[in-house]
Amino acid sequence: MGRGDGILGTNDRASLTSRRKWLKTRETWLVVLGVVLHAVYMLSIFDIYFKTPIVHGMDPVTPRFHTPAKRLVLLVADGLRADKFFEPDSGGNYRAPFLRNVIKQQGRWGVSHARPPTESRPGHVSIIAGFYEDPSAVTKGWKANPVEFDSVFNQSRHTFAFGSPDIVPIFCGALPHSTWKTYPHEFEDFATVVDDIAARVYNLLEDYYRDNRTSYIFTADHGMSDKGSHGDGHPTNTDTPLVAWGAGVKYPRPISSSNHSDCGFRFVDEHMHDAPTPTEWGLHDLERVDVNQADIAPLMSTLLGMPCPVNSVGSLPRDYINFNEATEVEAVLANTKQILNQFLRKSQIKQSNSISFKPFKPLSDYTSILDQIEELISGKDYEAAMKLAENLRSLALQGLHYFQTYDWLMLMSVISLGYIGWMIYLVIHVLQSYTSLPVQLLRKEFTNYQRDDYKKVQFCGCLLMGVISTLLFLERSPPLYHAYTTMTVFLWTQIFSEYQFIKASWKLLHGRRVYYAAKILATCAVSVFILEFLVNSFTERKLYTLYFLVAGVVGSLYLYKSIPWRSGIPIFVCAVCWFLSVFTLMPAEIPENTYLVIGSGAMIIVIGIAARWLDLHAGGNKYWISLCNHEKKKPKFPMLFLLQALFVGLSSIMVPLSTSHRTQKQELLALHQFINWSIAGFSMILPLFSANSLLSRLTSIFLGFAPTFLLLSIGYEAIFYGALSLVLVAWILFENTLLYVRKVKRPSASMKNLEDNVLELDDRYLQLFDMRIPLIFMVLFNVAFFGTGNFASIASFEISSVYRFITIFNPFLMAALLIFKLFIPFMLVIAITKMNKLPRSGCYFLVILVSDVMTLHFFFLVRNTGSWMEIGNSISHFGIMSAQVVFVLLLFALTNIYTKDIHIGSVNPSSQKAM
């Protein structure tokens with residue numbers, strides 16, 4: 001095997017054709033493996049992060065005490081935040097005079113702290129059932145709880161309910177002992193309205209029963225921001241009012257140092273306990289008792305003397321109940337036993353399905369703690385019993401979290417090892433297939449033993465896979481657990497099968513100078529830094545502004561050292577990078593501006609004219625020599641450029657014509673619709689007939705997709721198309737200069753195509769310095785999204801532009817048009833990879849390699865708490881990166897249609913090769 005052979009383990013007598021066929025088959029298998037692996041691992045987040053905490057099979061804990069309340073009224077306001085409820089309005093009048101009078105004379109008050117997502121359904125579930133949003137609700141689109149649960153209503157003798165049609169049926173729809181009705185969707189709850197309702201309900205019940213055995217609780221499901229939105233963890237959304245009064249509730253108590261100490265406790269929304277009461281509330285002289293929202297459920301159950309909901313994780317707020325010491329301890333103990341029962345049930349389920357069970361050690365002797373509490377109660381040492389019961393409750397809550405995350409370490413380790421194994425396997429494949437690694441150094445070591453070693457490793461891998469699958473089967477693990485471990489073991493088996501190659505590569509590296517190892521480490525460090533930068537850019541797109549400002553300066557200075565300033569290339573690179581940096585400072589919600597779109601059409605034509613002139617007249621410049629048309633032949637379609645420019649101009653004209661009908665609320669004319677579709681369709685076919693020099697074809701692709709992009713634009717994103725194209729031209733010039741400089745300085749083995757290698761005719765071997773290509777590609781690939789909108793959501797893109805193509809509401813066609821609009825900049829990014837003379841498959845695998853570094857990071861950033869938007873974005877970020885193995889492949893295949901016959905000149909103008 002000669003030096004140029006980059007594939008290991010291939011028979012020396014095999015022909016070049018068979019080796020190329022073997023490589024193609026291997027890479028097809030590798031792509032299929034990548035698609036399956038990412039699809040399976042993408043599902044893992046639902047087993048790790050989005051598993052329901054609700055378990056069944058616990059018996060309710062019957063309280064051993066009697067309470068003065070026979071009935072309870074729960075009043076829940078929609079979207080009423082605490083500060084707006086307690087503070088006066090602009091006229092100095094309080095919005096809820098009745099409830100304010102209750103606070104001062106009859107009951108207790110405080111702030112109920114909700115946990116994100118601060119939405120209506122999770123808020124009501126927290127109040128009535130005592131647990132927070134079930135993360136598995138993501139599988140139901142956050143519309144319903146996928147698992148049945150217990151609630152205060154279930155434990156009651158009869159429930160009367162009136163409220164939102166989105167909420168009341170959740171709790172009463174299947175409840176036989178309930179009478180309920182809903183109000184229309186148009187009904188709104190405001191503070192002044194609910195205060196009046198509270199007063200009327202209170203007076204009605206007190207006048208009817210006259211027994212002083214009714215308890216009342218007023219609160220809200222969530223708050224509201226100043227803009228009228230809610231969902232996240234901002235205090236305006238998590239802080240809601242809580243007012244309790246009536247039977248079993250303590251009376252107001254003046255604040256003092258003895259009853260208002262800062263204990264440092266944090267609520268579920270991370271706000272400190274005993275936060276100072278704002279003076280504008282006018283309540284700073286009364287004791288304020290804040291609670292977690294889920295604490296309201298055990299409070300209601302305790303006031304009524306009912307069992308707490310069996311799925312509740314709320315802690316009874318003692319400062320609200322007006323019981324004697326003995327009854328208070330019994331109430332807290334009942335609350336503790338209810339949470340402890342959940343813990344025991346989870347422990348039982350996990351132990352029954354585990355071969356090697358690891359119990360929650362702090363509660364290994366919970367029975368002795370319960371016995372000790374009972375002894376203290378019998379001895380009337382209520383203070384010590386209370387302290388021990390509350391400590392046991394805290395341990396039980398920790399135990400619930402322990403079993404909720406019991407499999408996390410195993411699953412996250414398996415998935416992480418799988419991703420790492422996949423990336424290592426890609427590196428091995430690229431080294432074997434697309435580098436000039438001197439394989440003759442390896443041949444003596446393992447030619448005779450490679451087949452035997454391979455069989456041994458495969459046998460051990462199958463044996464390990466069988467053992468793990470058997471253990472998982474005995475533990476009754478879900479089928480996907482088998483898939484996760486099988487994929488991971490398979491990948492690492494393939495890696496260990498290449499043990500001889502890895503060993504020889506290490507020896508080769510070890511034998512080189514320290515400088516080479518430092519170069520590898522520096523390349524890895526820079527790559528990780530850039531990829532971490534891209535990860536952070538998903539949440540802060542303004543980072544791209546900094547990136548392109550720095551890239552413009554660094555790129556121009558690097559070129560200045562290589563080529564003279566008079567060429568204009570260094571200045572051009574800096575200018576266009578700075579121009580593109582502006583767009584990520586602009587709002588993601590694009591304001592409509594038809595004049596910008598028209599101006600963008602003119603700018604695109606000017607760019608096309610400039611590129612056309614350079615293609616025809618700059619061929620003599622040594623820095624442009626491989627980009628331009630050297631043959632000076634008459635093109636087959638001399639009018640093609642003018643026709644493409646005409647289509648760009650027509651699309652610019654059709655934008656205001658099509659928009660005017662929509663603004664006047666008129667239907668799009670059939671003629672305009674036909675013209676728009678015709679322009680978009682014909683313009684994308686024309687690049688196939690352009691000249692096959694690099695600059696000619698890229699210019700034609702740029703002009704060919706511009707009309708469609710303009711017709712789908714509403715504002716500044718049309719200018720972004722031109723700016724991104726200019727940056728891509730700058731990248732081409734940068735890479736072309738590097739090729740020229742490297743060829744002038746020293747001929748490199750990587751620049752040659754030896755007779756016996758398996759690469760395509762004009763491809764070259766990959767070098768360490770070529771890692772810049774996938775990294776720059778990923779930056780431009782992502783900025784194609786971030787330049788004009790939100791990466792994670794198609795909904796953030798304005799849909800009004802699609803009405804230039806359709807006249808009726810068609811969500812699938814509208815989504816397809818918007819997605820295609822996003823694809824267009826990618827076409828330009830991928831098309832210029834031809835310039836680098838890199839093997840396209842090798843480039844593809846390097847792109848997948850660096851994208852999976854980001855995928856692994858996003859895997860650990862998936863959230864199951866927070867607002868629905870925050871949770872959804874974390875899932876979509878991970879999902880988008882996981883899908884890139886298919887997404888990038890499809891784009892590579894699509895752009896290959898336009899670029900497969902491009903000719904690129906070499907340093908010697910007389911030498912050109914077809915790619």
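The values are calculated or read from the model by the stated rules, or taken from the named source; none is laboratory data. Computed from a predicted structure; not experimentally measured. Reconstructed Cβ throughout: ideal geometry from the backbone, glycine too, with neighbour counts over all protein chains shown. The protein model used for the area step is the full one, side chains on, heavy atoms only, and it has no ligands, DNA or RNA in it. Shrake-Rupley method; radii C 1.70, N 1.55, O 1.52, S 1.80 Å.
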Of the residues in the stretch 29-77, those that are aromatic (Phe, Trp, Tyr) and free of Cβ contacts under 8 Å to residues at least 12 places away in the same chain number 1
Taking Val573 as meeting all but one of (1) open to solvent by 70 Å² or more (accessible area, probe 1.4 Å); (2) part of a helix (DSSP H, G or I); (3) within 30 Å of Gly649 (Cα to Cα), write down the number of the exception. (1)
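Condition first: among the hydrophobic types (A, V, I, L, M, F, W, C) and more than 28 Å from Ile428 (Cα to Cα). Now tell me which residues in the stretch 862-887 satisfy that. Quick ask: steps written out before the conclusion?
Within the stretch 862-887, the subset among the hydrophobic types (A, V, I, L, M, F, W, C) is 862, 868-869, 871, 875, 878, 880-881, 883, 885-887.
The answer is Val862, Trp868, Met869, Ile871, Ile875.
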Mind checking whether some residue in the stretch 852-860 is farther than 26 Å from Met684 by Cα, surrounded by fewer than 16 Cβ atoms within 10 Å (Cβ to Cβ), aromatic (Phe, Trp, Tyr) and at pLDDT 80 or above? yes
For the stretch 578-600, give me each residue that is open to solvent by 10 Å² or more (accessible area, probe 1.4 Å), touching a helix residue (DSSP H, G or I) at 6+ places or on another chain (Cβ under 8 Å) and either in a helix (DSSP H, G or I) or not assigned by the TED database to the domain that holds Ile719 (or both). Trp578, Phe579, Leu585, Thr594, Leu596, Ile598, Gly599
With criteria (1) touching a strand residue (DSSP E or B) at 6+ places or on another chain (Cβ under 7 Å); (2) modelled with pLDDT under 90; (3) open to solvent by less than 20 Å² (accessible area, probe 1.4 Å); (4) not acidic (Asp, Glu), Ile167 comes up short on (1)
I'm trying to understand the selection: among the residues of the stretch 278-301, which are touching a Gly at 6+ places or on another chain (Cβ under 7 Å) and part of a loop (DSSP other than H, G, I, E, B)? Arg288, Val289, Asp290
Among residues of the stretch 390-419, those that are part of a helix (DSSP H, G or I) and either closer than 22 Å to Cys843 by Cβ or not aliphatic (A, V, I, L, M) (or both), counted: 15
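Let's see how each residue does on (1) closer than 20 Å to Leu431 by Cβ; (2) among the hydrophobic types (A, V, I, L, M, F, W, C):
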{"residue": "Met465", "(1), (2)": "no, yes"}
{"residue": "Ser469", "(1), (2)": "no, no"}
{"residue": "Tyr481", "(1), (2)": "no, no"}
{"residue": "Tyr484", "(1), (2)": "no, no"}
{"residue": "Glu498", "(1), (2)": "yes, no"}
{"residue": "Gly511", "(1), (2)": "yes, no"}
{"residue": "Tyr516", "(1), (2)": "yes, no"}
{"residue": "Phe533", "(1), (2)": "no, yes"}
{"residue": "Asn536", "(1), (2)": "no, no"}
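Of Asp226, Asp211, Asp196, which residue is loosely packed, with under 15 Cβ neighbours inside 10 Å, modelled with pLDDT under 95 and assigned to a helix (DSSP H, G or I)? Steps first, please.
Numbers: Asp226 fails: assigned to a helix (DSSP H, G or I); Asp211 fails: assigned to a helix (DSSP H, G or I).
Within the list Asp226, Asp211, Asp196, the selection yields Asp196.
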Could you look through the stretch 331-364, keep only residues that are among the aliphatic types (A, V, I, L, M) and open to solvent by less than 10 Å² (accessible area, probe 1.4 Å), and pick out the one that is farthest from Arg393 (Cα to Cα)? Ala331
Checking Phe131 against (1) within 29 Å of the chain's Cα centre (by Cα); (2) at pLDDT below 80, the condition it does not meet: (2)
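Please note which helices (runs of 4 or more DSSP H) are completely contained in the stretch 34-133 and include at least 2 residues that are open to solvent by 40 Å² or more (accessible area, probe 1.4 Å), in the same structural domain as Thr182 (by the TED database) and within 30 Å of Asp285 (Cα to Cα). Please lay out each step first, then the result.
Working: elements: 82-86, 97-105, 120-129.
In the stretch 34-133, the matching helices (runs of 4 or more DSSP H) lie at 82-86, 97-105.
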Give the residue, chosen from Trp245, Trp180, that is modelled with pLDDT of 90 or more, outside any loop (DSSP other than H, G, I, E, B), open to solvent by 40 Å² or more (accessible area, probe 1.4 Å) and of a type in the set (Phe, Trp, Tyr). Trp180
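For the stretch 488-541, which residues satisfy the criterion of being outside any helix (DSSP H, G or I) and surrounded by 18 or more Cβ atoms within 10 Å (Cβ to Cβ)? Step through it out loud before you land on a result.
Filtering the stretch 488-541 down to residues outside any helix (DSSP H, G or I) leaves 498, 512-513, 538-541.
Scanning the stretch 488-541 gives Glu498, Phe538, Arg541.
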Condition broken by Gly555, with the remaining ones in (1) at pLDDT below 90; (2) more than 30 Å from the chain's Cα centre (by Cα); (3) open to solvent by 30 Å² or more (accessible area, probe 1.4 Å) satisfied: (3)
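Does Asn154 fit the bill of being over 19 Å from Val313 (Cα atoms), modelled with pLDDT under 95 and open to solvent by 40 Å² or more (accessible area, probe 1.4 Å)? So that I can check it myself, show each step before the final result.
Details: over 19 Å from Val313 (Cα atoms): no; modelled with pLDDT under 95: yes; open to solvent by 40 Å² or more (accessible area, probe 1.4 Å): yes.
No: the conditions fail for Asn154.
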What's the number of the only condition in (1) at pLDDT 80 or above; (2) under 25 Å from Asn782 (Cα atoms) that Lys900 fails to meet? (1)
